[in-house]
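The values are calculated or read from the model by the stated rules, or taken from the named source; none is laboratory data. This structure is a prediction, so every number in the text was calculated from the model and none was measured. Cβ placement follows ideal geometry from the backbone for every residue including glycine, while neighbour counts extend to all protein chains displayed. In case anyone asks, the SASA skips ligands and DNA or RNA and just uses the protein heavy atoms, side chains included. Shrake-Rupley method; radii C 1.70, N 1.55, O 1.52, S 1.80 Å.
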Amino acid sequence: MSETLIEGPLNAVHVELGAAFAPFGGWSMPVKYAGTVGEHTAVREAVGIFDVSHLGKATVAGPGAKDFVNRVLTADLGKIHPGKAQYTLCTNETGGVIDDLIVYYVSDDELFLVPNAANTAAVVAHLRERAPEGITVTDQHRDYAVLAVQGPKSAEVLQAVGLPTEMEYMAYEDASLNGTPVRVCRTGYTGEHGYELIPAWGDAETVFRALLPEITSRGGQPAGLGARDTLRTEMGYPLHGHELTVDITPVQARAGWAVGWKKPEFVGREALLAEKEAGPARKLWGLRATGKGVLRADLTVLSADGAPIGTTTSGTFSPSLKTGIALALIDSAAGVEKGTPVSVDVRGRAIECEVVLPPFVEANTK
């Protein structure tokens, strides 16, 4: 029996724009419109808009909600304040990653969470299991939409429709677009200056149609899941299920910066501290192809003498670099470092690569 896919609030608009669709996380998602390379380039050079309403949404509310969430998730909420957002991880007792997500700090008694689509129920359940009396965790997956406006001209687009743009990176403001409430966040998944807009689910089309002509008039275009993946891979940003899983810890994935190591408590703390101290058995690296060929996920990485030393977790053709790139978990015992020559086995053919430390291209987020 085929999977019944969930459609987002803009499905009819994507059809109107000629999108090609594919399943992702249980949702029917626009993969591309005119073409992935053109959409990728528009985001790097001008501006693009992504419909990422498949992302989860949840609210944790009640007296002491901030302190409760801080005892469960990895990052230290004590380092930010209301009006700021924080990238964090939901880990289990062994340090495996149930999901990575963004937390919006509304007040000490209210936090708004944006997890990944397929993991929303698991994150909500994880928090509900641990919530003390008086704290509620509400799944709002289809109460809100998420639109990402990304690229060097993204601020111009928002200013043209009267939305705020001057907040610092990882901050947000609650605003209005022609009377339509929308949360404007200085966040994104592309490595470019950009914003993520969170309107009510039923207001998504109104907001999208207000933004699109301002985007296209500046040389931009709507962008799909294909460009989202090439952009995030160039930045070395993890995708849950690839670089982060219940079997891949933040220590292995170089995501230790999202862990509040000095916090007295979070789920998985002891396991992660022990792994950090001992050193992980494998670690995430970037691979840049020096030979011809496109790299993909789940391929074997070989040392210079042909011994298997790791596995790719993501791979694509980089439109910016015009070559194959990949992220890979490589055995620490292999002793690789930046510049180490390796190869990747693609159906029996070895594609020569060099080891790099992501990002593959310079970030312009800040």
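Collect the residues in the stretch 91-117 that are open to solvent by 10 Å² or more (accessible area, probe 1.4 Å), under 26 Å from Ala274 (Cβ atoms) and part of a strand (DSSP E or B), keeping them in residue-number order.
Hits for the stretch 91-117 are Ile98, Asp100.
What's the number of the only condition in (1) at negative phi; (2) at pLDDT below 95 that Leu55 fails to meet?
(2)
Please determine whether any residue of the stretch 143-153 is in contact (Cβ under 8 Å) with a residue 40 or more places away in the chain, within 20 Å of Val60 (Cβ to Cβ) and either open to solvent by 30 Å² or more (accessible area, probe 1.4 Å) or not in a loop (DSSP other than H, G, I, E, B) (or both).
Yes.
Going through Ala281, Ala297 one at a time, which residue ends up being within 22 Å of Val336 (Cβ to Cβ) and either touching a His at 6+ places or on another chain (Cβ under 9 Å) or without any contact (Cβ under 8 Å) to a residue 24 or more places away in the chain (or both)?
Details: Ala281 fails: either touching a His at 6+ places or on another chain (Cβ under 9 Å) or without any contact (Cβ under 8 Å) to a residue 24 or more places away in the chain (or both).
Among Ala281, Ala297, only Ala297 is within 22 Å of Val336 (Cβ to Cβ) and either touching a His at 6+ places or on another chain (Cβ under 9 Å) or without any contact (Cβ under 8 Å) to a residue 24 or more places away in the chain (or both).
Select from the stretch 5-28 the residues that are in contact with a Phe, Trp or Tyr (Cβ under 8 Å, 6 or more places away or on another chain) and open to solvent by less than 10 Å² (accessible area, probe 1.4 Å) and write down the one among them that is nearest to Leu231 (Cα to Cα).
Restricting to residues being in contact with a Phe, Trp or Tyr (Cβ under 8 Å, 6 or more places away or on another chain) and open to solvent by less than 10 Å² (accessible area, probe 1.4 Å), the top hit is His14.
Check Ser303, Ser332, Ser320 and return the single one that is surrounded by 13 or more Cβ atoms within 10 Å (Cβ to Cβ) and touching a His at 6+ places or on another chain (Cβ under 9 Å). Don't jump to the end; show me each part of the working.
Details: Ser303 fails: touching a His at 6+ places or on another chain (Cβ under 9 Å); Ser332 fails: touching a His at 6+ places or on another chain (Cβ under 9 Å).
That would be Ser320, the only listed residue that is surrounded by 13 or more Cβ atoms within 10 Å (Cβ to Cβ) and touching a His at 6+ places or on another chain (Cβ under 9 Å).
Among the residues of the stretch 273-290, write down those that are within 22 Å of the chain's Cα centre (by Cα) and farther than 22 Å from Leu302 by Cβ.
Result: no residue meets the conditions.
Among the residues of the stretch 239-249, which ones are under 21 Å from Phe360 (Cβ atoms) and either buried (at least 24 other Cβ atoms within 10 Å of the Cβ) or basic (Lys, Arg) (or both)?
Just the residues of the stretch 239-249 that are under 21 Å from Phe360 (Cβ atoms), to begin with: 239-244, 248.
Once the filter is applied, which keeps residues that are under 21 Å from Phe360 (Cβ atoms) and either buried (at least 24 other Cβ atoms within 10 Å of the Cβ) or basic (Lys, Arg) (or both), the stretch 239-249 yields Glu243, Leu244.
Of all residues in the stretch 159-173, how many are surrounded by 13 or more Cβ atoms within 10 Å (Cβ to Cβ) and without any contact (Cβ under 8 Å) to a residue 12 or more places away in the chain?
Number of matching residues: 1.
Filter the stretch 202-234 down to the residues that are hydrophobic (A, V, I, L, M, F, W, C), part of a helix (DSSP H, G or I) and buried (at least 19 other Cβ atoms within 10 Å of the Cβ) and list them by number.
Just the residues of the stretch 202-234 that are hydrophobic (A, V, I, L, M, F, W, C), to begin with: 204, 207-208, 210-212, 215, 223, 225, 227, 231.
This time we only want the ones that are part of a helix (DSSP H, G or I), so: 204, 207-208, 210-212, 215, 225, 227, 231.
Once the filter is applied, which keeps residues that are hydrophobic (A, V, I, L, M, F, W, C), part of a helix (DSSP H, G or I) and buried (at least 19 other Cβ atoms within 10 Å of the Cβ), the stretch 202-234 yields Ala204, Val207, Phe208, Leu211, Ile215, Leu225, Ala227, Leu231.
Out of Thr88, Thr120, Thr74, which single residue is polar (S, T, N, Q), part of a strand (DSSP E or B) and buried (at least 20 other Cβ atoms within 10 Å of the Cβ)? If you could, list the steps in order and put the result at the bottom.
Numbers: Thr120 fails: part of a strand (DSSP E or B); Thr74 fails: part of a strand (DSSP E or B).
Of Thr88, Thr120, Thr74, the one residue that is polar (S, T, N, Q), part of a strand (DSSP E or B) and buried (at least 20 other Cβ atoms within 10 Å of the Cβ) is Thr88.
Can Ala175 be described as part of a helix (DSSP H, G or I) and out of contact with any Asp or Glu (no Cβ under 7 Å at 6 or more places or on another chain)? Step through it out loud before you land on a result.
On the way: part of a helix (DSSP H, G or I): no; out of contact with any Asp or Glu (no Cβ under 7 Å at 6 or more places or on another chain): yes.
So Ala175 does not fit the description; no.
Determine whether the stretch 290-297 contains at least one residue that is more than 25 Å from Tyr189 (Cβ to Cβ), modelled with pLDDT of 95 or more and open to solvent by 40 Å² or more (accessible area, probe 1.4 Å). Reasoning before the result, please.
Filtering the stretch 290-297 for residues more than 25 Å from Tyr189 (Cβ to Cβ) gives 290-293.
When the remaining residues are screened for being modelled with pLDDT of 95 or more, the result is 290.
Among the residues that remain, those that are also open to solvent by 40 Å² or more (accessible area, probe 1.4 Å) are: 290.
Taking every residue of the stretch 290-297 in turn, at least one turns out to be more than 25 Å from Tyr189 (Cβ to Cβ), modelled with pLDDT of 95 or more and open to solvent by 40 Å² or more (accessible area, probe 1.4 Å).
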